[in-house]
Structure formats: C-alpha cells, structure tokens
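Here is the structure we will look at, set down as structure tokens.
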Amino acid sequence: MDGTDAAMNKKPVSYKQGDQRWGGKPYRVPGETSTIASAGCGPTCAAMAIATLKDKRVTPETTCAWSVSHGYKALKQGTYYSYFKPQLAAYGIDCRQLLGSRIINQPSHPIHEQVREFLRQGYWVIALMGPGTWTKSGHFVLVWDWDSKVRILDPASSADKRLNGDPATFRREARCYWLVDARDYNKEDEELNINKLTDEEVLQLGKRLQAVMGKQPVSSALAPELQEAKAQGITDGSSPGAFCTRAQAAVMTLRAMKKA
C-alpha cells in the first residue's frame, strides 16, 4: 500500500487535555495530585471518539470522571489499559485491544500493517506511544487515518510531526493498539468510493463536472465544494488553485455533481 490509496477516513473532533476549560481539573485517586492536563491523555482520546460518533456533549472532563469512578485511574501513572473497552461500550461503541502485551522498537511487527488495514476499513485506532517523538514515557493518541503519513489527533500537542507522523518512526515507537469501530461514520456512499474508480472514469467525471459548471458561475459552482473540502482537511482554503491528488480531485468532482 502507498499514499495514493488512502482510506480517507473522516477526521474526529479534536480535544486537548490541557484545554483551559478542563485541563486544571483533577484526574486523580487518593495519594496523587494529577490533573486532566498532566495525566488525562487516555480519556481524552476516548472523548474524541465518543463526541464524534455518539454524543457531542462528551468532553475529557466527562470521560476522566467516568474513569475515576469506575476504577481505571492508575495511581501516580495514567489510565489502565482495561479502560477503553468498557468506556466506549458505555456509549455503544465497539472497542478492543489488538495486542495482549506491549511492543516497542519492533517496526517490522505484523501488527502495524494490520492496524493500517483496519484504518483503511474505516476503523480508528487508539495507540499507546513509547519514548521518542510523542512522549518521554507513555502517551495515548488517536489515529484516524494512515496514508503517506500517520494521521493523528494528539491530546497534548499540535506539532505537525505529531499530527502527521512519519510511518517508520510511528512503527518504531508504538507500544499498544486499541481498535475503535468507526466504520459506519466513515462509510462513503458507493458513488464516492474513489478507490474503485479507474483513470478513465475520473476523466469522464471531470468532463461531466465541466458541463455542470458551464450552467452557472464558477464561483457559485465551487464555493460549497471549497467549504466542504476545507471541512474535510483537503485544503485550508488559502490556495484553492493549488495541485491536489487524484483522489482529492475525484472526491470534489463527485460531490459537486451530486449537488448539481
């Protein structure tokens, strides 16, 4: 697999554990003084998945409180590995751990390619990262796609190298994985499944789009698609005339035709 056949999953809601709305609030058991900002990366990952898939009212404060009340906060550490499955199940989301033991510095381990394949199927993955790029000790992140980069929502950082991870580095530093079933959310309409299109079909779609655009001003034809492309992370809107990938162009073409 390479970056040209990415699953193109939808990006989840993004939360930071240090957000001023909840970062300073306690995430602790007796004998420690930790906060959501210092130790709440696991529940924050869970909150991102739950808020996107089931209940937009859920925040890291919600999931940290649930973790403590159900005994999943580890003393002077973070969150027990057993937390994710019951927490997501409480909202009707299927989740399971993919490995029974931790791995580190094993970039050739078959689990990494299994994870990438699951992402292609529309799943998301919570990953525990070991020392290196993402953490000095241990840190949970939410992986939502994997093409030429590993697409990550990091509860503790907005640094590009941590959100768009180098695959080789990610494979080397990953310790554990939990599978989150987001397939229904990420499911594309059959007509939007770009991986099934041939080059000739994409060409024909382009010709049909030209015909659609010929019936209305270019600005009104493209404005909704530009907004949707921005929402999907295809463009930031600063250079709408810049080059894009074949898949991205086909997505925008199909959506424009669908609305015409």
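The values are calculated or read from the model by the stated rules, or taken from the named source; none is laboratory data. Note that the structure is a prediction, hence the values are computed from the model and not measured. We place every Cβ from the backbone using ideal geometry, glycine too, and count neighbours over all the protein chains shown.
Closer than 20 Å to Pro43 by Cα, hydroxyl-bearing (Ser, Thr, Tyr) and surrounded by fewer than 17 Cβ atoms within 10 Å (Cβ to Cβ), is that true of Ser158? Answer is yes for this residue.
Does the stretch 96-103 contain any residue that is under 19 Å from the mean Cα position of the chain (by Cα) and in a loop (DSSP other than H, G, I, E, B)? Can you show your working first?
Kept after step one, since they are under 19 Å from the mean Cα position of the chain (by Cα), are these residues of the stretch 96-103: 96-98.
Narrowing the set further to residues that are in a loop (DSSP other than H, G, I, E, B) leaves 98.
Yes, some residue in the stretch 96-103 is under 19 Å from the mean Cα position of the chain (by Cα) and in a loop (DSSP other than H, G, I, E, B).
The single condition from (1) among the aliphatic types (A, V, I, L, M); (2) modelled with pLDDT under 95; (3) assigned to a strand (DSSP E or B) that Leu128 fails is (2). Counting just the residues of the stretch 131-148 that are touching a helix residue (DSSP H, G or I) at 6+ places or on another chain (Cβ under 7 Å) and surrounded by fewer than 20 Cβ atoms within 10 Å (Cβ to Cβ), which one comes out nearest to Lys16 (Cα to Cα)? So the residue we want is Thr133. Scanning the stretch 79-86 finds one or more residues that are farther than 22 Å from Glu173 by Cβ, assigned to a helix (DSSP H, G or I), in the same structural domain as Ser157 (by TED's automatic domain parsing) and not charged (D, E, K, R).
Out of the stretch 130-149, which residues are within 15 Å of the chain's Cα centre (by Cα) and closer than 18 Å to Tyr15 by Cα? Even if it seems obvious, please write down each step before you answer.
Looking only at the stretch 130-149, we keep the residues that are within 15 Å of the chain's Cα centre (by Cα), and these are 140-149.
If the condition is that a residue be within 15 Å of the chain's Cα centre (by Cα) and closer than 18 Å to Tyr15 by Cα, then Phe140, Val141, Leu142, Val143, Trp144, Asp145 are the ones that fit.
Those helices (runs of 4 or more DSSP H) of the stretch 1-72 in which 2 or more residues are farther than 16 Å from Ala156 by Cβ and at pLDDT 95 or above occupy 41-53, 60-69.
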